[in-house]
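Encoded as C-alpha cells, the structure appears first; notes follow it.
Read the figures in this text as sums done on the coordinates, not as results from a lab. Given the structure is predicted, the values throughout are model-derived calculations rather than measurements. Reconstructed Cβ throughout: ideal geometry from the backbone, glycine too, with neighbour counts over all protein chains shown.
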Amino acid sequence: MAVNNAIINRKARFASEGIRFQRHNPDGTIPTPQRFLGFANTADLSKVLASKKGNITIKIDYDTPVTKEVDFTAASDLTRVTVAQAVTALTSAAFTGITFSVDGATGRLKGSQTGTGGGKIIQVLGPLAAALDFGQGIKHGGNGLEVISFFDDETISIGLPKDIKDKEEIEQEGLKGTLNKMIIGAMIQGISPVVTLKEKNYYLLEMIQGGDLDREKGTYDPPLSNESDSPTFYAEIISAIYGSGSSKISDMHGFERLLLRTMIGKEGDVPIEAKAWATYAFNLSATEYTDEHGVKFAAWQEQTLSLTEFDALRVKDISIKA
C-alpha cells in the first residue's frame, strides 16, 4: 500500500516558532497577490497626499519591498477620488508585475499579480494604502495591508480552546413511561485563541481591535463603546514537531502550520503588578470562513510541513518591521 508522505504523523508539537497576522480585504476575504482589494465608490485622499502625490510600498512574499510615487493630479476633487481614477494613478505608477482594475464582483479597487507569479502573501503599505482601504483602512485605520510577525521568541503562549456546542438529548415519554430519544451530537462552532506576547505592539493592537493610533503623536485610543464593528483578520501559527524520546531543539522532524481563516478580537487585561513583567494578551474568536466564490471553509486548517517546505516560507523575511 502506498504511503502518503505529505503527512508527518505520530509526532508531538513543542512550543511554537511564532505567529503572524494580517487583516482581510474590505469584503472579508483573505488577501492574496492575485486578489487584493481597496475601496468602493469614492475615497478621501486629501489628508495623505502632498501636491496630489503620495507613496505606496508593495511587497510580495519575501521579495524586496518596492516603493513608488502615485500621482493623483488628474483627480479634480481629492475628497472624492473614484475607483477609476485610482486605477489610472496606480497603473501610471508602474509597479512591476502588478495590475490594477475595478473588481467585477464588488466594484472595489483591485490589485493582481500578473504573469506566472505564484506569490502567497501581499502587502500594500503606507498612509495612502490605508486611505485607499487596503487592509480595511478607511473604517479601522492602520498602515494598509500589513503583515505583523512574531518569530523571534516574542510569544509567551497561544491557547487554542475550541468552541463546541454540547450534545443534546431530546426525549419523548408516552403515558406508560416508554421513551423515544434523539441524540444530537456535539458540534464544533469555531475556536477562540488567546495569544499572549512579551512586548506591547501598538501596530498589532490597532490591527486587531481598531481604534485610533496616531503614529506622529504616539497616542492610542481604543474603540468607543458604540463601535461594535471590528476589523477581521487571519493568522498563521507555525510550530516545530518532534519524535518520541530525548530531542534537542534542532532535532525537529518537521513543522505544524495552523491557519485561522477569519477572526475578530480584543486586547485582554494588562495589569500593573509589583515586581512583575507585563504580559499582553489578545482574546480572539475564529469562525467559519466564506471566500469570494461563496465557498465555506472550517474555522481553521492544520497542515504538516517538511523542513524544506518550512525553509522555503522564510517566515522571518515576510514582515516589514517599523
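Amide H to amide H under 5 Å from Gln34: which residues, 5+ apart in sequence or cross-chain, H placed 1.01 Å off N in plane?
Gln113
Quick one: Karplus J couplings for the range 234-241, per residue in order, coefficients 6.51, -1.76, 1.60, θ = phi - 60°, nearest Hz, x for Gly and Pro?
With coefficients 6.51, -1.76 and 1.60, one gets 10, 8, 10, 10, 10, 9, 6, 10 Hz.
Name the long-range amide H neighbours of Ala281: under 5 Å, sequence gap of 5 or more, or other chain; modelled H, no Pro or chain starts.
Amide H neighbours of Ala281, under 5 Å, 5+ apart: Leu197, Gly268.
Anyone know which of Ala40, Ala93, Ala274 comes out most mobile in the 10 Å Cα GNM of the chain?
Greatest mean-square fluctuation among the candidates belongs to Ala274.
Tell me, what is the percent relative contact order of the chain, built from C-alpha pairs under 8 Å that lie six or more residues apart?
Value for the chain: 20 percent.
So what is the relative contact order of the range 32-134, in percent, for Cα pairs below 8 Å that sit 6 or more residues apart? Don't skip to the answer; put the middle values down first.
On the way: 201 pairs, mean separation 44.2, N = 103.
In percent, rounded to a whole number, it is 43.
Tally Lys/Arg at +1 and Asp/Glu at -1 over every other residue whose Cβ is under 9 Å from the Cβ of Phe310; what's the total?
In short, -2.
Could you list which residues have their amide H under 5 Å from that of Leu305, counting only those 5 or more apart in sequence or on another chain, with H placed in the peptide plane?
Phe255, Glu256, Arg257
Give or take rounding to whole Å, what are the principal axis extents of the alpha carbon atoms in the chain, in descending order?
Sorted from largest, the Cα extents of the chain read 81, 61, 59 Å.
Would you mind counting up the charge near Asp27? Only other residues with Cβ under 11 Å from its Cβ, with Lys and Arg at +1 and Asp and Glu at -1. Write out the running numbers ahead of the final one.
Numbers: positive: Arg35, Arg108, Lys110; negative: Asp103, Asp133, Asp291, Glu292.
Charge balance in the 11 Å sphere: -1.
Whole-Hz ³J(HN,Hα) for each residue in the range 171-184, computed from phi via Karplus 6.51 cos²θ - 1.76 cosθ + 1.60 with θ = phi - 60°, x for glycine and proline: what do you get?
Going residue by residue, I get 10, 10, 10, x, 4, 9, x, 6, 10, 10, 10, 10, 10, 9 Hz, with x marking Gly and Pro.
Can you compute 3J(HN,Hα) from phi for each residue in the range 138-144, using the Karplus curve 6.51 cos²θ - 1.76 cosθ + 1.60 with θ = phi - 60°, rounded to whole Hz and x for Gly and Pro?
Taking θ as phi minus 60°, the curve returns 5, 8, 10, x, x, 10, x Hz for the range 138-144.
Work out Dmax and Rg for the range 184-287 from the C-alpha atoms and quote the Rg first, both in angstrom.
17.9, 55
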